[in-house]
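Enquirer: Here's a structure for you.
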Amino acid sequence: MRKKIIAGNWKMNTSLQEGKELVNSIAEMIKSKPLKTMPGNPEVILFPPFVHITEILKITKKEKGVTVGAQNCHQSDKGAYTGEVSAMMIKSVGATHVLVGHSERRQYFKEDDNTLAAKVSQALDNKLTPVFCCGESLEERQSEKHFEVVKQQISKSLFWLDVNDFANIIIAYEPVWAIGTGETASPGQAQEMHSFIRNCISEKYGSEAASNTTILYGGSCNAKNAKDLFKNEDVDGGLIGGASLKAGDFFQIINSY
Ligand code: PGA
């Protein structure tokens with residue numbers, strides 16, 4: 001079902017203490033202004049580091065509309081993969097979502113379309129909702145290959161799913177040149193790509209599936225530019241990195257519909 005979602009990707013930041021303080025502050029703010037009273041009735045998903053998930057869940061479980069996910073999962077169900085974490089493990093501690101295909105995973109850990117398809121499969125098999133990230137590099141945008149690149153990413157990693165499984169996917173469009181750079185896609189660029197993604201979904205699964213898919217924007221989205229991004233028809237919310245580490249900024253982004 002299509003929803004308004006603000007997701008916070010903490011990446012490799014915060015000690016456990018800092019993470020708990022951050023979530024306690026966000027929870028306090030949400031208490032003073034509950035999500036259901038805000039325009040768009042947004043939902044919040046937090047993606048802390050793996051080792052914090054259990055403790056963060058203790059704080060968020062009292063907050064309606066706030067859930068917790070993992071930043072990654074392994075593509076196999078279990079086995080001799082020292083240092084890795086499976087979708088089953090993530091599910092077993094109470095998380096509900098998992099990021100798949102973040103550009104930092106693609107770039108630094110060489111995750112390709114096939115690996116990501118296997119991760120999506122693991123997530124769905126374990127009843128986790130994948131938040132699938134896609135997006136082009138600066139070079140690809142400059143050479144006007146951005147539509148082709150994004151279509152390839154979603155086709156190869158997602159479009160093998162049947163329509164019922166696809167209904168459980170959230171997509172995050174994150175142009176690589178905008179991640180952590182302070183350079184945001186313009187509202188027009190975001191809308192153009194989101195509408196393109198929705199068209200690709202429509203071609204593959206039909207218009208109902210397309211209009212039911214939640215598509216988030218990510219890449220230097222902050223308290224100042226969120227409103228202009230979210231007012232676009234096809235932008236359902238944001239995947240927020242840097243600005244999700246400051247409770248006040250993150251809360252303001254949640255309030256930006
Ligand atoms: P940023 O990161 O908001 O710091 O650009 C977004 C992301 O990587 O998900």
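Enquirer: Residue separation times 0.36 nm, minus the C-alpha to C-alpha distance between residue 246 and residue 41: what's the value?
Expert: Full extension from residue 246 to residue 41 adds 71.7 nm.
Enquirer: Where in region 161-187 does the amide nitrogen come within less than 16 Å of the point 7 Å from the Cα of residue 139, taken along Cα to Cβ?
Expert: It comes to 176-178, nothing else.
Enquirer: Right, next: Along the charge dipole of the chain, which of 248, 180, 30 sits closest to the positive end, that is, farthest toward it, with unit charges on the beta carbon of Lys, Arg, Asp and Glu (+1, +1, -1, -1)?
Expert: After comparing all options, I get 30.
Enquirer: At q = 0.11 Å⁻¹, work out log10 I(q)/I(0) for region 5-254 with the Debye formula, treating every Cα as an identical point scatterer and leaving solvent out; two decimals please.
Expert: So the normalised log intensities work out to -0.54.
Enquirer: List the residues, sorted by chain then number, that are 5 or more residues from residue 214 or on another chain and whose placed amide H is less than 5 Å from its amide H.
Expert: 3, 171
Enquirer: Also, I was wondering about something else. What ³J(HN,Hα) values, in whole Hz, does the Karplus curve 6.51 cos²θ - 1.76 cosθ + 1.60 give for region 240-247 when θ = phi - 60°, with x put for Gly and Pro?
Expert: Per-residue couplings from phi come out as 10, x, x, 6, 7, 8, 10, 4 Hz.
Enquirer: In sequence order, what are the phi-derived ³J(HN,Hα) couplings for region 221-226 according to the Karplus relation 6.51 cos²θ - 1.76 cosθ + 1.60 with θ = phi - 60°, rounded to whole Hz, with x for glycine and proline?
Expert: 6, 9, 4, 7, 9, 4
Enquirer: Name the residues whose placed amide hydrogens come within less than 5 Å of the amide hydrogen of residue 102, ignoring near sequence neighbours (fewer than 5 apart) on the same chain.
Expert: Here the answer is 133, since their amide H atoms fall under 5 Å of that of residue 102.
Enquirer: Counting only heavy atoms of protein chains, what accessible area per residue, in Å², does the chain have with a probe of 1.4 Å?
Expert: Per-residue value: 46 Å².
Enquirer: When the accessible area of the chain is computed with all protein chains present and a 1.4 Å probe, what percentage of it is carbon and sulfur?
Expert: So the carbon and sulfur contribution to the accessible surface is 50 percent.
Enquirer: Spelling out what I want: for every residue of region 165-180, take phi, set θ = phi - 60°, compute 6.51 cos²θ - 1.76 cosθ + 1.60 (Karplus), and round to whole Hz; glycine and proline get x.
Expert: The phi angles translate into 5, 4, 4, 9, 9, 10, 10, 10, 8, 10, x, 4, 5, 9, 7, x Hz.
Enquirer: Please give the length that would be gained between residue 203 and residue 25 if that part of the chain were fully extended, namely 0.36 nm times their separation in residues minus their C-alpha to C-alpha distance (nm, one decimal).
Expert: Contour length minus the Cα-Cα distance gives 59.8 nm.
Enquirer: For residue 33, go through the aspartates and glutamates and keep the ones whose alpha-carbon is under 18 Å away, minus same-chain ones fewer than eight residues off.
Expert: Excluding near neighbours in sequence, the set is 43, 63, 249.
The values are calculated or read from the model by the stated rules, or taken from the named source; none is laboratory data. Worth saying up front: this structure is predicted, and the values here are computed from it rather than measured. Reconstructed Cβ throughout: ideal geometry from the backbone, glycine too, with neighbour counts over all protein chains shown. All accessible areas refer to the heavy atoms of the entire protein, side chains included, with ligands and DNA or RNA removed. Shrake-Rupley method; radii C 1.70, N 1.55, O 1.52, S 1.80 Å.
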